[in-house]
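Novice: Let me give you the structure first, and then I'll get to my questions.
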Amino acid sequence: MRSARIALCALLVTGAVGLSPTTASASQSAPSAARGAFALSSTAFADGGVIPKVHECTSGGGSDPAKRNESPPLAWSGAPTAAKSYAIVMRDLDNASLIHWVIYDIPAATTSLPQNVDHEYRPSTPAGARQVYYRGSASLYGYQGPCSPSTVNTYEFVVHALDRASLTNLNSNSSTRTAAREIVAATVGSARITGES
């Protein structure tokens, strides 16, 4: 009886020892995977936070001087090694996912956008990038800030890592929807943040 108990204890200890390297390995690999994850952030607002007024549209009525329709600063890290360029798409998730901004052909060496990217088809920064013409409450190239004066909406910013250096099918007449489709088709990875306004 006693020898049977000893054998059972030995078996349990062996099993526990046999499992511990696997458990340790899993717990060690999870944080390193998280550290390398593709991530997007902004110094203007935290993920899920309030987007400052300086980034709100100037075409929604009113005369608040704090509203300047300036794109927020954005930065990303941990992109897939296959990325040959980047694109950013901004949507109003509470207004039928209306696209407010598309900028693409952002060079692969670029990991951030400054505040207030030019409202031009080919902005000065980042060099080589192009923007889609926004047709809606305003008519301009590039960023159109939050325009929901009577409600608080959620705006999503997504950075896409693309498998090609340039989206040659797009031009200055392309629509935001066409551009978004081309971007999704070329995406090898993406990261997102949201803001409220």
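What follows is calculated from the coordinates using simple rules that are stated; it is not laboratory data. Keep in mind the model is a prediction, meaning the values are calculated, not measured. Cβ sites come from the backbone with ideal geometry, for glycine too, and all protein chains shown count toward neighbours.
Novice: In terms of the Cα gyration tensor, with a ≥ b ≥ c the square roots of its eigenvalues, is segment 82-197 rounded because a/c is under 1.5, prolate because a/b exceeds b/c, or oblate? Don't skip to the answer; put the middle values down first.
Specialist: On the way: a/c = 1.65, a/b = 1.44, b/c = 1.14.
Prolate is the answer for segment 82-197, as a/c is 1.5 or above and a/b outweighs b/c.
Novice: Here's a follow-up. Considering Cα pairs under 8 angstrom that are at least six residues apart, work out the relative contact order of segment 110-197 and quote it in whole percent. Walk me through the numbers on the way to the answer.
Specialist: Details: 116 pairs, mean separation 25.0, N = 88.
Over segment 110-197, the number comes to 28 percent.
Novice: Rounded to whole Å, give me the distance from the Cα center of segment 102-133 to that of segment 34-96.
Specialist: Segment 102-133 and segment 34-96 have Cα centres spaced 13 Å from each other.
Novice: First select every other residue whose beta carbon is under 13 angstrom from the beta carbon of G195; then total the charges, Lys and Arg +1, Asp and Glu -1.
Specialist: Neighbour charge sum, excluding G195 itself: -3.
Novice: Just add up the charged neighbours of P52: K/R +1, D/E -1, any other residue whose Cβ is under 13 Å from the Cβ of P52.
Specialist: Around P52, the charge tally is -1.
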